[in-house]
Structures are given as C-alpha cells and as structure tokens.
Protein chains: 2
Amino acid sequence: MGSPPDISLDRSSPVPLYFQVAAQLEHAIIDGALAPGARINNEIAMAAELGLSRPTMRQAIQVLVDKGMLVRKRGVGTQVVHGKIRRSVELTSLFDDLSAAGKRPRTEVLALDLIAATDEISSELQIAAGARVWSLERLRYVGDEPLAHMHNVLPAEVLDLSSVDLAQVGLYAALRQAGVLMRVARQRIGAKRAETREARLLHERRNAPLLTMQRTAYDDAGHAVEYGAHAYRPDLYAFELTLVDR
Amino acid sequence: MGSPPDISLDRSSPVPLYFQVAAQLEHAIIDGALAPGARINNEIAMAAELGLSRPTMRQAIQVLVDKGMLVRKRGVGTQVVHGKIRRSVELTSLFDDLSAAGKRPRTEVLALDLIAATDEISSELQIAAGARVWSLERLRYVGDEPLAHMHNVLPAEVLDLSSVDLAQVGLYAALRQAGVLMRVARQRIGAKRAETREARLLHERRNAPLLTMQRTAYDDAGHAVEYGAHAYRPDLYAFELTLVDR
DNA sequence: GTCAATACTTTGTCAGGACATATTGACGTA
DNA sequence: TACGTCAATATGTCCTGACAAAGTATTGAC
C-alpha cells in the first residue's frame, strides 16, 4: 500500500467532504505524489484516518474512478491508472477548452441575427417552426490561425445575445452567466470537405478535410438551449477524451 | 408526479437490486412509458414502494443520470431528459457498436503479424522497445461498402491473436473472452486526407476527407492492452455521443 | 514442489437514520 | 399587482452497521 497523501478536511467549508477528499487525491495524482500504478490505501482505513464514514470515502474515490484516474478491483484495492489522463468527457465549450489548455483563443463574430427558426432548427431545438432564434456565426483563432468556424443557434428567450461581448466571452460562459445550467448534450463528430467560403475562412484549400461537430445542448430542465454546427481544422484541433468503463 | 412504471425485483437474482431497478427504468424510458420531460416519483416514495433503502434507490437513479437519461434537481425532483438519447460514451469497439445498431459488420483481415514494437508503439503501450506485439490490419464493411480501415497493436502476452477468428469476432470481444477487462481508454478524434492506398481500400478518392481515431486502451490493472489507429469514411460513420454534466 | 482448502483482505451491495440545502407555491402585506 | 415570507417538497450529504463476493496469501496434505 502507498502511504496516504496529506489530506486535510475543512468541516466548516460548504464544499462537501467527499469533494474535498477527491480534489486532494486528484492533486496528489497530478502532482505525482501518487504515481501511476500505485495502490492507494484501502477505503476502510482511509475513512478511519480521515474521520469519515466509508460511503463518504467511497464517494470521493468514485469521483476519481469516473474521471478515469483510479481503478478499483474487488478483493485487491484501488490503483492509480497507468498512462496520461487527458480529460474526461465534459460539457464545455471550445472557448473553455482552449482557455484551460493555456491557449489564448480569439473570437471574430461574423454574424449575429435574430431569425425565424427553419424546420431543421425547430426540430433540433424542439421549438415551434418560425420561433425566434439567435443565429450566431463566428471564427475562433489561436494565434494568427483560424481554428474553427462555428455556427450556433439559440432560442431567443434563453438569453439576449446582442448584449453579450462574444469576442471576449465564450458562448457557454455567457449561458452560465445568464443562469442557464447545461446538463446534457448530444454530439456528433464527423468529417467533411471544406466548401469554398469555409475553406477561405479557415485558411485551407477548397476540399481540404475538416473535422466537424454538431451538438444540441439541453439545460437542467431538459429544454434544448443550443444547437451548434462547428468545423475545425484538423491540423490545429482534435477531440481528446478519456473513456471510463464502470 | 408520473405514475411509477411497473418495476419488479428478483431478490434471489445475482443481479444487484439497484441494477435491476435502473434497467427497468431505462426500458420504461426507451419504450415511452416514461415520456421525455416527465417527472418520476420522488426517491423516498419509490424506495418505499419497492421495499428498498433510499441509497439503493439513489444508486439506481444515478446509473441513469450518468447515462444522460434522467436529470435531478434538488428541491424539485427527477425528470426524464428531453430529446433523443443516443448512447453514453462507452468503451466499446466499432464491431460492438455496429452490431448494437443492427448493422451486420463484416471484417476482412488484411494482415496479422507478430512484430517488434517500434519506439512509437512501445511508448504508447508502455512496453519495452522491441517487445513482441501483434500488429493487426483490417477493413470493416457494412453491406458492400468498406466503412473503416483499422490498424491495431496489442502486446503479445495479452492474448494469442493468431487463434482468433477475427473475421467473425470483434477485437474487444476477443479481449473480453481472453479475460481482459478494459476499463479506461484515451481517445483522439480527428480528420485527415486519404492517402493513395487507404483511399483505394475505402473506395474513396485520393485526398478525400477521412474521420480518424487513435485509441490506447488500458485494462483494470492499468496496463495498456491495445493501441489502435482507425480511419473511417465520414459518409458512413460518425461518432455520436451523449455528454452528461454531473 | 504442487495443489487444494482455508483464512484474510478489500471492494460491492444494502439497510436504516438524520440533517442540510435548494426549489416552488401559497399566502399575506404594502 | 408586486414583493417578501414561510412551509412543504425533494434531492444532497453524511453517518453507522452488516453481509456478500472476488482476489490473494497462507497452510497443510500428498
């Protein structure tokens, strides 16, 4: 068994105990104090050391199992996953992703219009055909190079996009600021040829391969709040994710 | 509150109670007995009706929350997610996926060799350079059309691939049959141009866009058991996934 | 030395209980 | 009508306790 990392709990904090433990274990893994392949102490002993109940300890460990950082085996114990963990699948925007990766994304708003939803859009967003929606077209740059061409559609009543500085704020951050809690997204990742306009926007040749993603995002009441169709330059972007089989 | 679906429990079954409940709730959602947007009964009442403890009921619901089929809100209740749920992100092979989708996948093995791991392969699989690995190259068809060109590499000691009928059995099924429990995979999805040979294999034009995926899969002890590099025809395949923000 | 049985270890499942927190609706007041 | 307050509702967190199941180590017999 590995020696336990230094975990301290603040019982007066509003942050749940299980979350505090999970966060500190996660740091220990990321910092290397818990090495890949290392066995951590058993959950009964750890719970006793920290003065927690076992289900609380289990819940903390489960958070990291879900992130793919720990694996558990009945009769054996819990081990740090070998190999580099990139990130779990998360419901974040490209702006959030690039920012988190230390890249300074820059956004150019190509068009923002309040339009009537087409049949396709109304079907995706499950709203009445002809309902008012924001249609937002943007280019996202990293450095001097355009990385993504993005078209997003949102029901008008979700938020007033005209009052958001979309060159500075990612779309999802704006939704969060407006109190929209996104909980579920359906996503489809594919590839296509760059058409003439899009190729020009993305500094690629016509017919160059582009990585594509369509997404419909739903809030915590289950209402569709965004439909997006994005195209990315594959030399500048890829979807990296860690899958965990429970 | 919606009326509770008809849930029956077999307490003599080895299947955990929480799993039985989750499965039946899932069927109720898929069959339409629980409509999108519908509120399900509160967890305390449901636990009482089923003669379960509340944590067990919570665990069942959590399974479906993790699958993106239910959303929970404190003070309000638990609701079926609006919108069609495709599937959660799962650690499955393309063969499994296509089979589950009712498509009859056909496989053509192009090459199977026992080779010495290159530096790149040994780095990905975290094995010694020069160690023995299986190198497997295949084409996967749906109907008469090739859908994917796949190259997979596995450490030799994981299983003996030469004794597997890879035209009939998916690679992951073979690993499972050999007792390998895959738990975590790192995946990278991108796009590229089809090179000459690959284009010919996939019945595409040279330089056509292909959807790509590289994957390293780890077993439940954290050992890398597979590295794969796949290319798909984007007209025949896309990655569809449902993200859940917990 | 090998193999089978047993004991030990550790996670998985389940129960019952209590309190905290967020949400919503009803009601009262200005 | 609008706003504030309060109670009811429902999930979120945490605790104690017990048994089951899977994996590993140890021991004894051959």
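The values are calculated or read from the model by the stated rules, or taken from the named source; none is laboratory data. Computed from a predicted model, the values in this text were never measured in an experiment. Note: ideal-geometry Cβ built from the backbone for every residue, glycine included; neighbour counts use all protein chains shown. Remember, those area values only see protein heavy atoms, side chains included, never the ligands or the DNA or RNA. Shrake-Rupley method; radii C 1.70, N 1.55, O 1.52, S 1.80 Å.
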Which numbered condition residue A:228 misses (of (1) open to solvent by 10 Å² or more (accessible area, probe 1.4 Å); (2) more than 16 Å from DNA strand C (Cβ to nearest atom); (3) over 28 Å from residue B:183 (Cα atoms)): (1)
Single residue of B:153, B:133 found to be touching a Phe, Trp or Tyr at 6+ places or on another chain (Cβ under 7 Å), part of a strand (DSSP E or B) and open to solvent by less than 60 Å² (accessible area, probe 1.4 Å): B:153
Which of the residues belonging to the stretch A:1-22 are more than 12 Å from DNA strand D (Cβ to nearest atom) and surrounded by 14 or more Cβ atoms within 10 Å (Cβ to Cβ)? A:2, A:4, A:5, A:7
Looking at the stretch B:202-225 only, could you name the residues that are open to solvent by less than 30 Å² (accessible area, probe 1.4 Å) and more than 21 Å from residue B:121 (Cβ to Cβ)? B:202, B:208, B:209, B:210, B:211, B:220
Looking at the structure I just gave you, is residue B:194 open to solvent by less than 70 Å² (accessible area, probe 1.4 Å), under 19 Å from the mean Cα position of the chain (by Cα) and more than 18 Å from residue B:124 (Cα to Cα)? no
Being closer than 28 Å to residue A:187 by Cα and away from chain A (no Cβ under 14 Å) is the filter here, so list the residues in the stretch B:153-172 that pass it. B:170, B:171
So, residue A:144, is that one out of contact with any His (no Cβ under 8 Å at 6 or more places or on another chain) and either open to solvent by 30 Å² or more (accessible area, probe 1.4 Å) or more than 13 Å from every other protein chain (Cβ to nearest Cβ) (or both) or not? yes
The listed residue being more than 15 Å from residue A:94 (Cα to Cα) and either touching a residue at least 60 places away in the same chain (Cβ under 8 Å) or charged (D, E, K, R) (or both), out of A:120, A:137: A:120
When you scan the stretch B:49-88, how many residues do you find that are more than 7 Å from chain A (Cβ to nearest Cβ), part of a loop (DSSP other than H, G, I, E, B), open to solvent by less than 60 Å² (accessible area, probe 1.4 Å) and modelled with pLDDT under 90? 2
So, in the stretch A:13-44, how many residues would count as being in contact (Cβ under 8 Å) with a residue 40 or more places away in the chain and out of contact with any Leu (no Cβ under 9 Å at 6 or more places or on another chain)? 8
